[in-house]
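A.B. asks: One structure, as structure tokens, below. Some questions next.
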Amino acid sequence: MLYILILTTKCNSNCKYCGAFEDDLMPDKIQYKIEDLAKFLEKDQSTSIAFYGGEPLLEIERMKEIVYKIKAKHYILQTNGLLLEKVDDDILSKFSTILVSLDGRKEIHDFYRGNYDKVVENVRKLRFKGELIARMTASQETDIYEDVMSILSLKKFTHVHWQIDAVWSNEGIWRDFEKWVENYNKGVRKLVKFWIAELVRGRVHGIVPFLGVATAIFEGFKHVPCSSGFDSFAIATDGRMLACPICPEFEWNNVGTIWDGIKKRVKILEPCPSCNYFSFCGGRCLFFNRERLWGEKGFKLVCKTVKNLVDSLLSYKEILEKFRYEIKYPKFLNTTEIIP
């Protein structure tokens, strides 16, 4: 089981598209005793722990305490990268995966986040032998082909993943989402052609959505690929158990506490389970499936990006089958959603 620990709701960045936790949703720092957390987690013999925020490295001492006190099969970190130099080598050696927010080309990253040079500098200095994932947010200014290729050109990350900034977007981010989807889908198809051509040459680029969907073509998804609410749960700073870490305010998402355990499960709603693409995408995202904030049209537009991704890879099924074991992904739950 993967447990996503929200260490803090605070962040040292101010991204244009970010909807930070509101103050009344949970305390800004962990309020429960680490001993209580340990007691809850010790019931699971195959625990993975992911540190999440806000920016979890603002609570680096708390993170260290948990790493030293609680045994886990995998430790995972999601960070904006600005404080990576503060993580010493001893702690780094205990992590299996580090995800660093990087939105592609310098001009795109700086437009939304700033501090591109600082983040890349910290990543280049990082002495880390595990899975190092560049985690992109794809939004209005993103050219998915150019921005993914920019990250690959850095030759530092083992993988690149992205999530479309849809549904929960801040007001004014999108000018014409429908037109953007058309261009995005073209970029995905172009990127798939590059990835397949490289695969045939024996070079496997760690493009997470391609690896994950290619794996699903042969093995299938039974639920959302991130496993939120199934094999992955978030723990809020007040000890509540959440199916998904991004929306603590919804009743359906509150499923228990570290003291009482998980008391209920969350179902994926229609039309996803009956869709022909369900085995390839698993419903995409639990929050997206349950909260149709952009209405039916917005729901279908986002689904259009998923179907395009799946169809683009399905057209190379014979090639993918030859490499299915080399490209199998993920080897363990690491907080990537797989489906953008």
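A.B. asks: Read through the list (1) crowded, with 19+ Cβ neighbours inside 10 Å; (2) of a type in the set (A, V, I, L, M); (3) free of Cβ contacts under 8 Å to residues at least 12 places away in the same chain, then give the number of the only condition that A197 fails.
C.D. replies: (1)
A.B. asks: How many residues are free of Cβ contacts under 8 Å to residues at least 40 places away in the same chain, more than 17 Å from F233 (Cβ to Cβ) and part of a helix (DSSP H, G or I) when one looks only at segment 26-77?
C.D. replies: Within segment 26-77, residues that are free of Cβ contacts under 8 Å to residues at least 40 places away in the same chain, more than 17 Å from F233 (Cβ to Cβ) and part of a helix (DSSP H, G or I) number 10.
A.B. asks: I'm checking my understanding of the structure. Among residues of segment 247-270 that are of a type in the set (A, V, I, L, M, F, W, C) and buried (at least 18 other Cβ atoms within 10 Å of the Cβ), which one is farthest from the chain's Cα centre (by Cα)?
C.D. replies: Here the residue is I258.
A.B. asks: Moving on. Based on this model, can you work out whether I34 counts as within 23 Å of the chain's Cα centre (by Cα) and either buried (at least 23 other Cβ atoms within 10 Å of the Cβ) or modelled with pLDDT of 95 or more (or both)?
C.D. replies: Answer is no for this residue.
A.B. asks: Within segment 286-298, can one find any residue that is surrounded by fewer than 16 Cβ atoms within 10 Å (Cβ to Cβ) and modelled with pLDDT of 95 or more?
C.D. replies: Looking for residues that are surrounded by fewer than 16 Cβ atoms within 10 Å (Cβ to Cβ) and modelled with pLDDT of 95 or more, one finds none in segment 286-298, hence no.
A.B. asks: I need the full set of residues from segment 285-331 which are outside any helix (DSSP H, G or I) and touching a residue at least 40 places away in the same chain (Cβ under 8 Å), in order please. Outline the logic, then answer.
C.D. replies: Step one: list which residues in segment 285-331 are outside any helix (DSSP H, G or I), which gives 285, 291-294, 315-316, 323-331.
Once the filter is applied, which keeps residues that are outside any helix (DSSP H, G or I) and touching a residue at least 40 places away in the same chain (Cβ under 8 Å), segment 285-331 yields C285, E291, L293, W294, Y316, F323, R324, E326, I327, K328, Y329, P330.
A.B. asks: Then there's this: Name the residue that is surrounded by the fewest Cβ atoms within 10 Å (Cβ to Cβ), counting only residues in segment 111-150 that are among the β-branched types (V, I, T) and under 19 Å from the mean Cα position of the chain (by Cα).
C.D. replies: Just the residues of segment 111-150 that are among the β-branched types (V, I, T), to begin with: 119-120, 123, 133, 137, 142, 144, 148.
Subset that is under 19 Å from the mean Cα position of the chain (by Cα): 119, 123, 133, 137, 142, 144, 148.
On the way: V119: 23, V123: 19, I133: 24, T137: 23, T142: 25, I144: 22, V148: 28.
The qualifying residue surrounded by the fewest Cβ atoms within 10 Å (Cβ to Cβ) is V123.
A.B. asks: Restricting to segment 2-25, what's the tally of residues that are part of a loop (DSSP other than H, G, I, E, B), of a type outside the set (K, R) and either modelled with pLDDT of 95 or more or under 22 Å from K86 (Cβ atoms) (or both)?
C.D. replies: 9
A.B. asks: Considering segment 205-221 alone, what residues qualify as being of a type in the set (G, A, S), assigned to a helix (DSSP H, G or I) and farther than 17 Å from L191 by Cβ? Talk me through it step by step, then tell me what you get.
C.D. replies: Step one: filter segment 205-221 for residues of a type in the set (G, A, S), giving 206, 212, 214, 216, 220.
Those left that are additionally assigned to a helix (DSSP H, G or I): 212, 214, 216.
Correct list: A216 only.
A.B. asks: Here is a further query. If a residue must be within 17 Å of K300 (Cα to Cα) and in a helix (DSSP H, G or I), how many such residues does segment 149-202 contain?
C.D. replies: In the first step, residues of segment 149-202 are kept if they are within 17 Å of K300 (Cα to Cα); the result is 163-169, 174, 176-185.
Now drop any that are not in a helix (DSSP H, G or I), which leaves 177-185.
Number of matching residues: 9.
A.B. asks: Say we look at segment 15-31 and pick out the residues that are closer than 22 Å to V100 by Cα and not hydrophobic (A, V, I, L, M, F, W, C); which of these is surrounded by the fewest Cβ atoms within 10 Å (Cβ to Cβ)?
C.D. replies: G19
The values are calculated or read from the model by the stated rules, or taken from the named source; none is laboratory data. Values in this document were obtained by computation on a predicted structure and should not be read as measured data. Note that we place each Cβ from the backbone using ideal geometry, even for glycine, and neighbour counts take in every protein chain shown.
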